[in-house]
Every structure is written in C-alpha cells, then in structure tokens.
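Encoded as structure tokens, the structure appears first; notes follow it.
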Amino acid sequence: MHAAQGHEIAIMRPLGTDIRQQNDSRIAFREPTMTTKPDSLQQWVNEVAELTNPAAIHWCDGSDAEYEDLIKQMLADGTLSELNNESYPNCYLHLSDPNDVARVEHLTFVCTSEEDDAGPNNNWMAPAEAHAKVDALFAGAMQGRTMYVIPYCMGPIDSPFSRCGVEISDSPYVVVNMKLMTRMGTAALARIEREGEGDFVKGLHSTGDLSPDRRMIMHFPEELSIKSIGSGYGGNALLGKKCHALRIASHQARQEGWLAEHMLIVGIENPDGETHYIACALPSACGKTNLAMLIPPDSHADWKVWTLGDDIAWLHLDDEGRLRAINPESGYFGVVPGTNSKTNKNAFDMITHDAIYTNVGRTSNNEPWWEDKQVGEPAYDWQGRDYDASNGPAAHPNSRFTVAACNNPSYSSLAEAPDGVPISAIVFGGRRKELAPLVYQSKDWKHGVLVGAGVASETTAANVGEVGVVRRDPMAMKPFCGYNFADYWAHWLSFDERSDKLPKIFHINWFRQDKQGKFLWPGFGENLRVLRWIIERCEGRVDAIETAIGYLPKSGDIDTTQLDISDATMQALISIDKAQWLEEMSAIGEYLDSYGDRLPAALKAEQQKVVDQLSQA
Ligand code: OXD
Ligand code: MN
C-alpha cells in the first residue's frame with residue numbers, strides 16, 4: 001500500500017514566500033484553484049523561477065478550456081497547425097526541430113551517489129556534477145517564456161498504486177501532451193496536497209535552445225527528481241512517461257517491492273466471456289500499441305480484446321499473491337507510420353479526431369499522411385517541404401500521435417480500476433529475424449527471469465542512432481531501468497519467494513524472416529492465435545514440447561484455420577536450431593558476466609542449466 005494513503009490533508013501555511021514578493025513585477029501570475037500546495041512544491045517553483053527567469057508562471061488546472069487556449073496560442077505562433085477539420089476534427093500537427101525527433105539514450109543519465117547503483121546499463125554522473133552542469137543550462141533558459149507548472153498523477157487518481165509528480169516546463173506543447181497522456185491538473189494537485197511534501201516527483205524541463213550539444217536528460221532517483229533540457233521530444237520532454245513512470249519508478253519499485261515495467265497490458269476475452277490479462281514487454285517500436293489494440297481476425301470473431309495500456313505497467317502483488325497491473329498513463333504516444341485499417345484499425349480510427357500529430361507529412365487537402373497509411377498521397381513532408389521521394393519518407397519513421405486513451409474503441413473499463421487487473425501471463429519479446437521462435441514458455445519463474453534478461457532486439461528509430469542492429473534489451477528495459485540491471489534481476493527473482501501464484505512467463509517473436517527477407521508470420525490481428533495458446537497454457541489446457549530453452553507449441557496447437565501458412569513455415573516458426581541457441585546462450589552468459597559480482601548467482605545458474613541441456617541434447 002502507498003505510504004501516504006489515509007493521511008489527512010496537510011494544513012499549509014499561506015503563500016508567504018511567494019515569488020511575487022521577491023521582486024519581478026514582469027511576472028504575470030495565474031493562481032491554481034487551490035492554495036494549499038505543499039511547502040516544498042511552492043518553494044521549488046519559486047527556486048526554479050529564480051533560476052530560469054520566466055516571463056510568466058501558469059499553474060495548470062488540466063481543464064478543457066486551458067487545453068483549448070493553449071492550442072489557440074500554438075496555432076497563432078506556428079508551433080501547431082490545424083489539420084483538415086472535417087475529416088480530422090480537433091487534430092493538430094507539430095513539426096519539431098529536425099534534430100529533435102527521438103529519445104537520446106547517449107545524453108540520458110542516472111545520477112546516483114554510487115556509480116555502481118546506476119550500473120553498466122546506464123550513463124552515470126555524480127549528482128553534484130550533474131546538477132551543476134544542467135543548472136548552468138537552465139540559468140535564464142525561460143526568459144521571455146511562460147513557465148508551466150503541471151501537476152499530474154500516474155495511475156488512476158484514487159489508486160493506492162498511483163504516484164504523482166509535478167513537471168515544470170516552458171513548452172505549451174508539453175502541457176497539451178501531458179493533458180492527453182496523464183491525469184493532469186487540479187485532481188492531481190489535490191492528491192499531492194493530501195500526500196504532503198516529499199512524496200511527489202519533481203521534473204524540470206526546458207526546451208532550451210534545442211541544440212543537441214546542450215541537451216541532457218538527468219535522473220536523480222534518490223531525490224525523486226528529473227532535469228531535462230534541450231529537447232521537446234516525447235520521451236525526453238513528457239517527464240511523466242519514461243523518466244518518471246519507468247526510470248524513477250523502477251528505482252522506487254525496487255525499494256518498495258513492486259515492478260515498474262515497459263509493458264503493454266491487454267485483456268483477452270474468450271467466447272465464454274472469461275478474460276485473461278497479459279502484460280507484454282517489447283522494445284520501442286516493436287508493435288506494443290498494435291498488440292494492445294488488436295482486432296480479432298474473422299476466424300476468432302467471437303473473441304474480444306480490451307486495452308488497458310500500450311507502454312507501461314506498474315505491477316504489485318495483492319494479498320493473495322497475485323500480480324496485479326495498473327497502467328500509469330491515460331493516453332498513447334504511438335508510432336504513426338505503418339498504422340492503417342489492417343494493421344491497427346482501432347488506432348487508425350482513434351487518431352481521426354482529437355489527436356496531436358508530431359512529424360508526419362500532409363496531403364494536399366491537409367490530412368495527415370504517413371508511410372503505409374494506404375490512403376491519400378503525400379504533398380508535404382515532415383519538415384514542411386514539398387514532398388519529394390528523394391528526400392526520404394514523408395513522415396519521420398519515429399513520427400508520433402498523442403491521444404487520450406478514452407478515444408480507443410477497445411479501451412477497457414478496468415483501466416480506471418484502483419487495484420488494477422490480475423495478470424495471467426508475462427510475455428517478453430523482441431524483433432529477431434532469426435533464432436527466436438514464434439512463442440515459447442519458460443520452465444518456471446526463475447527461468448522466466450533469464451528469458452527476460454536475455455531479450456535482444458534489432459534497434460528502431462525510437463532512439464537516435466543506428467537502426468536494425470541487434471542489441472541486448474533485457475525486459476525491453478535497457479533504456480529505462482533506473483538502476484543496476486544486476487540488482488533489477490535480483491529484484492525480479494525475489495518475487496519467486498513471495499508468491500506461488502505468479503504469472504507464467506513467455507517469449508514471442510513476430511519478426512522471423514526467410515532468406516529473402518519476407519516475414520514468416522502474418523502478425524497483427526493474427527497474433528491473437530499465439531495469445532490464445534499462451535492463455536491455454538496458463539489454464540493448463542494444452543500440452544507442449546519441453547526443450548532446453550523452454551516449452552514450445554506442439555504442431556497443430558496454434559490454430560491456423562483460414563490462415564495462408566504452410567506446415568513447413570509453421571514448423572520453422574516453432575522449432576529451434578540448437579547450434580544457434582548454444583551460441584546465443586553463451587553470448588547471454590558473457591553479457592550477464594559483464595555485471596560482475598553484483599549479478600545474482602541464481603541467474604547465472606539458470607543460464608548454465610540451459611547451456612548444459614543444449615549441450616547434452
Ligand atoms: C516510446 C518508446 O515512446 O519506447 O514508448 O520509445
Ligand atoms: Mn515505449
């Protein structure tokens with residue numbers, strides 16, 4: 001349970017140290033509706049204003065009127081442009097600086113007092129040095145700009161598992177995105193007041209001058225704070241998402257005995273009306289949003305799919321030892337290219353109204369356009385130029401939509417449930433041309449932790465850097481785990497002692513290709529067939545073949561009716577090449593060893609077990 005649950009509302013002293021009294025008569029104020037902010041919040045706002053020197057301070061209330069005002073302001077100053085209001089009502093386009101289109105892992109730091117606590121999986125800087133470096137960039141950074149104070153709640157506003165934060169930002173684009181992505185405004189501020197000072201995450205953000213040379217995304221997990229400057233891109237700037245709900249929250253979760261994970265949450269309802277909830281970790285831009293919103297194929301028309309979340313899950317053990325999940329977010333910041341009525345009809349429909357687009361192209365009649373939209377033609381590209389194929393794609397490969405989750409036709413009513421949903425299966429996956437079968441199940445929890453730790457995937461455009469190279473991405477958390485992976489795996493392993501009702505753990509790979517580069521598995525809605533096997537395994541209704549790497553489906557157990565797929569292809573998808581796997585397991589072993597003494601021996605033992613079995617077989 002959350003430590004502050006049930007506390008009385010803190011009585012606050014009047015705004016005695018309000019910055020208005022400190023001098024600057026240019027500062028125009030808009031008061032929040034409530035005036036019982038924790039001392040530490042008011043004081044921090046004052047300090048930030050002193051450092052960054054904004055022209056005005058605006059406390060966000062999260063209202064629709066505020067959203068509309070900011071949209072108008074951004075239309076007037078060119079930050080946004082309106083899209084075709086008939087076919088895309090209330091949809092807007094933002095074209096970012098071409099140098100600012102993705103997360104920047106090389107400029108992202110975890111600043112713990114001990115370097116080892118951040119681990120080899122993070123860039124580290126000593127907190128004092130990091131503060132000094134980043135504060136120098138923040139000095140005067142908001143001159144002439146409005147400073148927005150954005151209170152938000154990650155998770156349902158009345159959930160004991162939710163956590164609040166306040167982001168201070170000079171970007172109105174950030175404010176409107178935070179309104180769509182989180183429970184933002186008055187209700188969050190009221191919860192912050194109730195919980196008192198010291199309990200919320202302080203996130204400071206400025207777009208600065210957008211120069212990559214003066215861009216830094218700093219995390220101070222021990223102080224529950226974040227400082228991000230020089231980027232307006234979602235994962236770098238919407239601090240509730242990756243920075244708070246994953247990096248800071250994973251650190252807190254370890255201390256408090258829960259998990260903050262890069263996982264979608266989806267409910268699968270069978271024809272008898274029984275629903276299983278699955279939490280699935282896939283690296284960025286590997287189809288989490290599509291899987292979370294899957295539409296059952298015709299062959300499974302009597303199945304239903306419910307979306308709880310598409311990116312992040314916070315998982316807690318309940319009193320009976322079941323793992324329950326909430327989605328801390330309340331909106332989607334999804335990859336646009338590839339979205340069409342076949343790949344993700346729910347998303348395709350949901351982004352036809354009340355959506356913000358970032359870095360897509362446009363048609364001549366001012367509709368948004370992206371590669372593989374399958375309707376319309378591009379007239380302008382994501383840099384606002386006349387479209388010319390020789391300049392590359394019309395939409396940036398990491399162009400995004402932002403929409404509130406309630407726009408989604410498959411949105412689950414349980415997404416607002418304070419105690420979340422019980423998870424039947426945890427699924428890890430990656431983008432692998434070869435090696436990893438379509439699906440397999442781990443032998444038990446501990447082996448499942450090894451399966452998660454061994455995840456590798458081809459890199460995508462969601463991060464600045466080379467695309468398509470295989471890298472280790474344990475639990476799809478490589479860019480997001482706010483502490484040493486060795487300690488993280490120990491934390492995962494510790495759940496085994498705490499419950500005998502843990503979810504079963506699986507691994508999927510939708511991305512196997514043949515020699516000509518053609519995908520072997522149709523993917524998208526047809527993935528339900530694989531989820532069905534997973535659920536049947538959880539229910540103990542289907543047998544499997546035990547191998548060294550885990551349980552594989554028996555041929556015929558994944559339903560392929562109405563699917564144009566040969567037996568040979570299916571067989572290739574659900575079998576393993578032992579020599580390749582021996583190589584993979586030894587690479588995993590080497591990777592684990594790079595964590596040195598902190599690596600839990602139990603994890604290495606799991607790896608050794610698989611190697612031994614592969615060698616014997
Ligand atoms: C995201 C990401 O934006 O993982 O969700 O990069
Ligand atoms: Mn993500």
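Values in this text are rule-based calculations from the coordinates and carry no lab data. This structure is a prediction, so every number in the text was calculated from the model and none was measured. FYI the Cβ positions are ideal-geometry reconstructions off the backbone, even for glycines, and counts take in every protein chain you see.
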Calculate how steeply helix 172-181 sits against the longest principal axis of the alpha-carbon atoms of the chain, using the helix alpha-carbon long axis, and give the answer as 0 to 90 degrees to the nearest 10.
-> 40
Computed about the Cα centre, the charge dipole of segment 331-407 from +1 Lys/Arg and -1 Asp/Glu charges at the Cβ has a magnitude in debye, to the nearest 20, of 200
When we measure straight from the Cα of Lys433, which aspartates and glutamates land under 12 angstrom away, once same-chain ones fewer than 8 places off are left out?
-> Glu458, Asp514
Charge-dipole axis of the chain as Lys and Arg at +1 and Asp and Glu at -1 on Cβ define it, positive-most pick from Val470, Ala245, Ser159 | Val470
Of Lys227/Lys288; Lys446/Lys515; Lys304/Lys554; Lys443/Lys578; Lys342/Lys518; Lys37/Lys72, those spanning more than 23 Å from alpha-carbon to alpha-carbon = Lys227/Lys288; Lys446/Lys515; Lys304/Lys554; Lys37/Lys72
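Can you tell me the dipole magnitude for segment 505-617 around its Cα centre, using point charges on the Cβ only (Lys, Arg +1; Asp, Glu -1), in Debye to the nearest 20?
Magnitude of the dipole: close to 140 debye.
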Placed amide H near Tyr233: partners under 5 Å, 5+ positions off or other chain | none
Cleavage-rule hits, trypsin sites (Lys or Arg not before Pro), segment 341-421, DSSP coil, Cβ neighbours within 10 Å at most 10 = none
Dipole magnitude of the chain, debye to nearest 20 (Cβ charges: Lys/Arg +1, Asp/Glu -1, about Cα centre) = 480
Residue among Ser40, Ala453, Asn327 farthest towards the positive dipole end of the chain, charges placed on Cβ = Ala453
The chain, helix-only ellipticity at 222 nm - DSSP H runs n ≥ 4, -39,500 (n - 2.57), divided by all residues, nearest 500 = -7500 deg cm²/dmol
Go through segment 112-177 and name the GluC sites (Glu not before Pro) that are in a DSSP coil and have 13 or fewer other Cβ atoms within 10 Å of their Cβ.
-> Glu114
Full-extension gain in nm, Ile157 to Asp209, via 0.36 nm per residue minus C-alpha separation = 15.3 nm
